[in-house]
Amino acid sequence: MAETKKETSLSQPRKRAAQTARKPQPKTAAAKMPAARRRGSQSPAPRAPKAATPRKTAQQAMKMAQETAKAASEAVRSLSGALLPAQDKQTGKQAAKKTVRQKKQPETFAADKLRVIPLGGLNEIGKNMTVLEYGGDMIVIDAGMTFPDEDLLGVDMVIPDITYLQKNREKVRGIFLTHAHEDHIGALPYVLRELNVPVYCTALTAGLVKLKLQEHKDLKKPRITVKKDGDKVKAGCFEVEFIHVNHSIADACAFAVKTPLGVVLATGDFKIDTTPIDGRMIDLLRLGELGQKGVLLLLMDSTNAERPGIAMSERKVGDSLDREFKGCDQRIIVASFASNVHRVQQIFDVAAKYGRKVAVSGRSMENILKVGVELGYLTLPANTYVDLNDIRKYPKNKMTIITTGSQGEPMSALYRMAFSGHRQVEVGYGDKILIAATPIPGNEKPVYTMINELFRKGADVVYQRLADMHVSGHACQEELKMILSLTRPRYFMPVHGEYRHLMVNASLGRACGVKPENIFISDLGKVLEIGPDGAGWGGSVPSGRVLVDGLGVGDVGAAVLRERKTLSESGVITAVVGVDTRNRTIVSGPEIISRGFVFVREAEELMAGLRDLTRETLESCLEKGMTSRNAIKDTIARRLADYLYKKTRREPLVVPVLLEM
């Protein structure tokens, strides 16, 4: 822009001269004299010099302006000729324009910082979601859910709070999904209700996402773009590269996000499997190349950071399955995660090897079978698959059933089999049940309750503690250290895990040479800002958990949960009274209804006391002229609660109901 500034300064005399030429000149004394006086004067007035006439003055000013403009123009041409290439030596005006075009650079964000904002997946298992923001652009990595804790009574699932994304919806350039596990895609339908943005993922992930979105009829048609490993997507100032990794589901990937400040590597969930079922090992070569060029920030899975060594290969499960199938004269029922396509493939293969038919049970298992076969991720041996309704046509010792329910979910297929609630399958003697999964942390109790019930039915149950029926899909310590050594990040933020997992992963980073001051243990909503001169915390954004209960999203809050907790622990007492408010009299009742508090027939004395107290309190309120229904109900509820605590030392929920008659 230096050339432009010089041109502007040289042009000022020309502008001033032109303005002078256009400006009306002051009249001389002779010009101001009336014409009649000038003509009638006996002694003519002396003439003004020619230079003093208005005409001459204007001509001289114009001449000066032209000379000044000529000099300015020559100076501009001279300056432009010195600065522009030879082919650009045109007129001064054209050369100046050409100079501006040459000096214009692509937009940069030197004053901006890269902001890394976790909205889920930290200090918890599941609900993974991370936002990268730079300037006016944002991208979202994953949109997962998690299962509710025991204190979230009646809640179906928990999803991230996306208030920050809603406030900045015009900045969001896309959602990128690492793989198709529920803790990474489960919240997507609810996010897409608020953000109409494109979704980028691999083929299997896209197939399962489309099935999930079909259940939500109120959504607009999603914009899902299928990518494969090695592909790159431009999203605002970001460029996202898909990198193949191994995990307990096919088509998982990591993301190398190129930003104006450097590369951010988000591993997603991963492991290093040297003998994968599909023959495709994690792309360590590409990760090493990124490390050679320089990784600005590493966001790495922490789930198995506490486990030493390396995670076993998925083929280990295949060997265990073969041992269980060999020589078995029982019907075999295998419970597994439906999304583990490679494990489902191994079950089909070993069943076919020993001449068994295979049926599947559970909606998610049926869905994965359909999508896996359509996209080529599953290859079913010939004459092996049969419909679940036809299993009675075959001998039990020639039948295998693949089912959902490895986590003891109350509505899952295996759980219903255990508690005699399944329509097609009845479990008992002559059944061998293989549970090819380990309980998710915090979910052990329902799993072992289900296993206990299966044993009571007479079935033989084989689970992880008895055999190698499951291997983890998450990297252990030696694998994590390998990724740290390959990528050599400048900054490191452990993700995907509880606080203890994050801390152990951070210690691995220090052991691999990452400076302690460059390792950041974050929290939900906490913003990590990275600039050219360093990194540090940059405040926080709204975050937390949103509860999904049926069709309601976010409408269950702390007050509702407290009431549900009270109902579950102490029950409810309802006092129903018919009132004539005009005459201020009790028409009917009161009736006392107990639910979950006491059995009425065994507590007649207590019920009578509650009826008498309700009548007495209501009559007192009416006599005092109280007209507010809420005030009357609050008074009744308070007095009944005090009475119940005094008599029973319990605090049920008290609900007065006033019926106007």
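The values are calculated or read from the model by the stated rules, or taken from the named source; none is laboratory data. Source: prediction; values computed, not measured. Note that each Cβ is placed from the backbone with ideal geometry, even for glycine, and that neighbours are counted across all protein chains shown. These accessible areas exclude ligands, DNA and RNA; they are computed on the full protein's heavy atoms, side chains included. Shrake-Rupley method; radii C 1.70, N 1.55, O 1.52, S 1.80 Å.
Of note:
- Scanning the range 213-221 for residues that are more than 20 Å from Ile277 (Cβ to Cβ), among the aliphatic types (A, V, I, L, M) and crowded, with 18+ Cβ neighbours inside 10 Å turns up at least one hit.
- Test for Glu616: is it more than 22 Å from Thr566 (Cα to Cα) and either at pLDDT below 85 or touching a Gly at 6+ places or on another chain (Cβ under 9 Å) (or both): no
- Filter result for Arg193 (open to solvent by 30 Å² or more (accessible area, probe 1.4 Å) and in contact with a His (Cβ under 9 Å, 6 or more places away or on another chain)): yes
- Residue in the range 593-601 that is more than 27 Å from Leu152 (Cα to Cα), modelled with pLDDT of 85 or more and not small (Gly, Ala, Ser) present: no
- Candidates are the residues of the range 142-182 that are of a type in the set (A, V, I, L, M, F, W, C) and open to solvent by 50 Å² or more (accessible area, probe 1.4 Å); the one that is modelled with the lowest pLDDT is Leu153.
- Filter result for the condition that a residue is on the phi < 0 side of the Ramachandran plot, in contact with a Lys or Arg (Cβ under 6 Å, 6 or more places away or on another chain), open to solvent by less than 10 Å² (accessible area, probe 1.4 Å) and touching a residue at least 24 places away in the same chain (Cβ under 8 Å), over Ile243, Ile249: Ile243
- Answer from Glu366, Glu324, Glu374 - the residue that is of a type in the set (Asp, Glu) and touching a Gly at 6+ places or on another chain (Cβ under 9 Å): Glu374
- Selection of first residues in the range 641-661 that are more than 17 Å from Leu567 (Cβ to Cβ) and aromatic (Phe, Trp, Tyr) and of second residues that are at pLDDT 85 or above and not in a loop (DSSP other than H, G, I, E, B), restricted to Cβ pairs under 6 Å at least 6 apart or on distinct chains, gives the following pairs, ordered by first then second residue: Tyr643/Leu613.
- Scope the range 198-212; condition open to solvent by less than 10 Å² (accessible area, probe 1.4 Å) and in contact (Cβ under 8 Å) with a residue 24 or more places away in the chain; matching residues: Val199, Cys201, Thr202, Leu204, Thr205, Val209
- When the range 495-554 is filtered for residues that are open to solvent by 30 Å² or more (accessible area, probe 1.4 Å) and small (Gly, Ala, Ser), the ones remaining, listed by number, are Ser507, Ala511, Gly513, Ala535, Gly539, Ser540, Ser543, Gly550, Gly554.
- Any strands (runs of 3 or more DSSP E) falling wholly within the range 428-496 and containing at least 1 residues that are aromatic (Phe, Trp, Tyr): 491-495
- Wholly within the range 260-374, helices (runs of 4 or more DSSP H) carrying at least 1 residues that are on the phi < 0 side of the Ramachandran plot, among the aromatic types (Phe, Trp, Tyr) and open to solvent by 10 Å² or more (accessible area, probe 1.4 Å): none
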